């Protein structure tokens with residue numbers, strides 16, 4: 001093969017390599033900064049691009065995705081002079097690739113450092129107890145400060161999250177004792193409230209029981225009184241009926257004879273009981289006199305009824 005042919009093949013191969021190197025494919029969600037003769041020329045977005053050989057070059061490559069930066073832990077002094085160790089995660093996103101290339105040397109390092117200094121400033125305004133409650137406030141304050149400072153860098157701070165707030169071991173022990181005492185206090189309060197409610201319930205139950213018993217006793221007495229009243233009324237009614245019947249029987253034919261016979265029977269029964277008692281009686285002198293006997297029997301019967 002002649003030397004000219006070899007040189008020609010070499011030139012063609014070299015030209016092919018140079019041509020291939022001028023071809024650039026930018027991935028999705030990425031941006032390339034092109035400099036022409038050392039000066040900013042263009043920002044290449046996702047797709048296929050051709051550069052001018054020996055004139056254009058890719059100076060910077062940026063990802064347009066949201067990036068999570070670990071903010072190293074650092075010692076902060078709270079408002080009540082307690083040293084705590086705090087770390088977190090900072091989320092940023094490149095929105096202007098040209099500013100991110102020429103606005104600052106390393107926007108990731110700068111954003112991390114700014115987040116740390118802002119963290120120290122925010123923690124210095126809060127007491128230790130509030131630092132655990134005000135995480136959202138701390139996050140918002142850091143985002144506002146870093147986002148405002150990173151605007152000339154073409155970077156947007158989306159959010160910040162505090163990972164850990166670690167006080168000294170002595171403070172941890174004191175906090176555990178405080179929380180334990182607080183839990184015991186709440187337990188005692190809950191127990192006393194329960195005991196109070198139980199006593200109230202028992203008192204209310206006793207009250208309802210007494211009311212129910214009194215109502216029952218009242219109804220019992222009312223019913224007994226009504227029963228006695230009905231009993232007296234019925235006895236009186238029966239007595240009245242009996243008297244009317246006796247009066248009617250006396251007025252009938254031979255009614256008086258029946259009454260006298262009944263009185264004579266009671267007279268004889270009364271004299272039969274004299275031997276059983278120490279009663280003193282007057283015996284008529286003429287026992288054959290029926291009327292006198294009846295009168296005497298009536299006297300004895302009345303005397304017996306009075307002594308019963």
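The values are calculated or read from the model by the stated rules, or taken from the named source; none is laboratory data. Only a predicted model underlies this, so the values are computations on that prediction, with no experimental measurement involved. Here the Cβ positions follow ideal geometry from the backbone for every residue, glycine too, while neighbour counts run over all protein chains shown.
For (1) surrounded by 13 or more Cβ atoms within 10 Å (Cβ to Cβ); (2) within 30 Å of residue 99 (Cα to Cα), each residue gets a yes or a no:
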site: 118; (1), (2): yes, yes
site: 152; (1), (2): no, yes
site: 160; (1), (2): yes, yes
site: 173; (1), (2): no, no
site: 183; (1), (2): no, no
site: 192; (1), (2): no, no
site: 223; (1), (2): no, no
site: 226; (1), (2): no, no
Considering residues of the range 102-124 that are touching a helix residue (DSSP H, G or I) at 6+ places or on another chain (Cβ under 9 Å) and assigned to a loop (DSSP other than H, G, I, E, B) only, the residue farthest from residue 83 (Cα to Cα): 103
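Let's see how each residue does on (1) assigned by TED's automatic domain parsing to the domain that holds residue 126; (2) surrounded by 14 or more Cβ atoms within 10 Å (Cβ to Cβ); (3) in contact with a helix residue (DSSP H, G or I) (Cβ under 6 Å, 6 or more places away or on another chain):
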residue: 49; (1), (2), (3): no, yes, no
residue: 71; (1), (2), (3): yes, yes, yes
residue: 75; (1), (2), (3): yes, no, no
residue: 97; (1), (2), (3): yes, yes, no
Residue match in the range 136-144 (condition: more than 25 Å from the chain's Cα centre (by Cα) and loosely packed, with under 12 Cβ neighbours inside 10 Å): yes
